[in-house]
1. List the residue pairs whose Cβ atoms are under 6 Å apart, where the first residue sits in region 122-144 and is part of a helix (DSSP H, G or I), the second is open to solvent by less than 30 Å² (accessible area, probe 1.4 Å), and the two are 6 or more positions apart or on different chains.
2. Give the number of residues within region 260-296 that are open to solvent by 60 Å² or more (accessible area, probe 1.4 Å) and closer than 13 Å to Phe30 by Cβ.
3. Answer yes if at least one residue in region 290-298 is closer than 20 Å to Lys263 by Cβ, touching a Phe, Trp or Tyr at 6+ places or on another chain (Cβ under 6 Å), aliphatic (A, V, I, L, M) and in contact (Cβ under 8 Å) with a residue 40 or more places away in the chain, and no otherwise.
4. So which pairs qualify, if the first residue must be in region 322-336 and part of a loop (DSSP other than H, G, I, E, B), the second must be charged (D, E, K, R), the Cβ gap must be under 7 Å, and the two must be at least 6 apart or on different chains?
5. So Met34 passes all but one of these: (1) buried (at least 20 other Cβ atoms within 10 Å of the Cβ); (2) over 15 Å from Asp335 (Cα atoms); (3) in contact with a Gly (Cβ under 8 Å, 6 or more places away or on another chain). Which condition number does it fail?
6. Could you check region 1-95 for strands (runs of 3 or more DSSP E) lying wholly inside it with 3 or more residues that are out of contact with any helix residue (DSSP H, G or I) (no Cβ under 7 Å at 6 or more places or on another chain)?
7. Condition check: over 30 Å from Thr117 (Cα atoms) and more than 18 Å from the chain's Cα centre (by Cα). Does Ala262 satisfy that?
8. Collect the residues in region 208-230 that are under 19 Å from Ser45 (Cβ atoms), surrounded by fewer than 24 Cβ atoms within 10 Å (Cβ to Cβ) and of a type in the set (A, V, I, L, M, F, W, C), keeping them in residue-number order.
Amino acid sequence: MKATLILANGSVFSGTSVGSTSDRICEFVFNTSMAGYQEILTDPSYAGQGVVMTYPLIGNYGVNHEDNQSARPWAEALVVRHLSPRGSNFRCEGDLGTYLHEHNITGIEDVDTRALTKILRNQGTMTGMITCSEHFNIAEVLEKLRAYQIKGAVDRVTRQEPQVFPARGEEKRHVAVVDYGVTQHVIDCLTDRGCKVTVLPARTGAEEILSGGYDGALLSNGPGDPAENMELIAQVKKLYESKLPLFGLGLGHQLLALATGAKTSRLSYGHRGGSCPVKDLEMDRVFITSQNHGYVVDADSVDPAVAQISHINVNDKTVEGLRYQRANCFSLQYDPEANSGPQAVEYVFDRFVASMGGER
């Protein structure tokens, strides 16, 4: 079945429908990863977004339940050059096309993703629509695209009830993870290090966390504009003003910065991929990282009396990490735990566990 992708700038791409045939309006972003498409689709940080995969062949190793990063996919749409009709891998449990259909993800293949990516890179992330209808009014579609906004994304993806994950092996510490859109591998990185993890809904009050007997709190990654989450920022500020060890990731990093007086801004096309170079200034070493974000902390807004920039993006010099002057508090913009990317940067979880002190 024919499908069409219409962008907010009026660009039109024709292709073939895969997955759901429902019309889908969302914000389109591109990801440069060669693998990890299932982790990308199930990452809550993609809520409200359609993903353009720049690598031309997607789906070649199929899908399986082990690679899911949350209970369901969150990406709205998937755009590829070629979708493999079958997966070849010893862990394969099904093909990607069927997976898209089962989870109501609208997809389109046979698209010139190189030309599409150049538009998104040069003109910035933009809203678009995928439709299987052959009779659409371009003026009406563009009006709908102009009206689309991603709002309330954190409330959409967060857990509604606390969930406990036991430590693997001897329990050494108990960590509260505030779920703004946490991925499963973040939880795994903590349980692998002897931490019992209690994942809490995003709107859990600071008082409840501080009285819960936790050894530390992780503010998780998540979707959307960080600055719209005023109530969450107020709770993060209370956590910062306590003595509880804190570790912010992704959106959690941004909320922590906002809570301490810094500002955030939107990147033109974001950082999304599995080979983004980040320099740890303290170690004087560059690591290849996995990233997925459209907002950053403004370097000029960081008060040196509050925090020092600890990591920078080698390509554009944007802030990738902060180490706070307040004891046992630091944060990172990139994904140090990503299954779809490098794992050499998981040392930051060891640093967080160490910041919580000795064994309980």
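1. Pairs that qualify, where the first residue is part of a helix (DSSP H, G or I) and the partner is open to solvent by less than 30 Å² (accessible area, probe 1.4 Å), are Val141/Ile6; Val141/Met129.
2. Within region 260-296, residues that are open to solvent by 60 Å² or more (accessible area, probe 1.4 Å) and closer than 13 Å to Phe30 by Cβ number 2.
3. The answer is no, given that none of the residues of region 290-298 is closer than 20 Å to Lys263 by Cβ, touching a Phe, Trp or Tyr at 6+ places or on another chain (Cβ under 6 Å), aliphatic (A, V, I, L, M) and in contact (Cβ under 8 Å) with a residue 40 or more places away in the chain.
4. Gln333/Glu320; Tyr334/Glu320; Pro336/Glu346
5. (1)
6. 2-7, 12-19, 24-31
7. Numbers: over 30 Å from Thr117 (Cα atoms): yes; more than 18 Å from the chain's Cα centre (by Cα): yes.
Spelling it out, Ala262 is indeed over 30 Å from Thr117 (Cα atoms) and more than 18 Å from the chain's Cα centre (by Cα).
8. Hit for region 208-230 is Ala227, nothing else.
The values are calculated or read from the model by the stated rules, or taken from the named source; none is laboratory data. Model, not experiment: these values are computed from the prediction. Ideal geometry is used to build each Cβ from the backbone, glycine not excepted, and the neighbour counts take in all protein chains shown. For accessibility, only protein heavy atoms count, side chains too; no ligands or nucleic acids. Shrake-Rupley method; radii C 1.70, N 1.55, O 1.52, S 1.80 Å.
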